[in-house]
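Trainee: To start, I am sharing the structure in question, which I have written as C-alpha cells.
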Amino acid sequence: MTREEAITIIDNLHLIGCGRNQHENDLKINIALDMAIESLQKDIERHEMVIRASERHLGIVRCKDCQHRSSEGWCDVYIQPRVETDFCNHGKRQCNYFGERGEL
C-alpha cells in the first residue's frame, strides 16, 4: 500500500460501510492507520533530530542536561524549579555527547 492509498482510505473511513467485505475493509483500515502512525513517528523523529542539531550548533543546553540543575529539578542559578525542556544563557552541559562528564 502506498502512502497516497493510505491517505485516501483514512479520508474515506466514513464512507466504508458494513457488508460482505467488511473484514477486508477492516484490514485495509488497520494497515492505513498503522502506516499513518509510522509516518507521523518518523516525522517527529526527523523534527527532533533537526532541533537537537540546531541546539548543538547554537550551543543551547536544556535544563535536563545542565550542570546547574539538581536531581530535584531546581536550578542553582535561578534558585527555582525548572522544567527539563527549559534553557537559559547560563546552561553548561554536564556531559559531552559521548556520555563523558565535563565540557565539550
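No value in this document is a laboratory result; all are computed from the given coordinates. The shown structure was predicted, so the numbers you read here are calculated from the model rather than taken from an experiment. All Cβ positions, glycine included, derive from the backbone under ideal geometry; neighbour counts span all protein chains shown.
Trainee: Please list, or write none, the lysines whose alpha carbon is within less than 23 Å of the alpha carbon of Lys64, excluding same-chain residues fewer than 8 places away.
Mentor: Result set, ordered by chain and number: Lys92.
Trainee: Now for a separate question. Can you find, among His47, Leu27, Ala6, the residue sitting farthest towards the positive end of the charge dipole of segment 3-58, where Lys and Arg contribute +1 and Asp and Glu -1 at Cβ?
Mentor: Projecting each Cα onto the dipole axis, the largest value belongs to His47.
Trainee: Starting from the Cα of Lys42, draw a straight line to each of the lysines and keep only those under 22 Å, dropping any in the same chain fewer than 8 residues away.
Mentor: Straight-distance partners of Lys42: Lys28.
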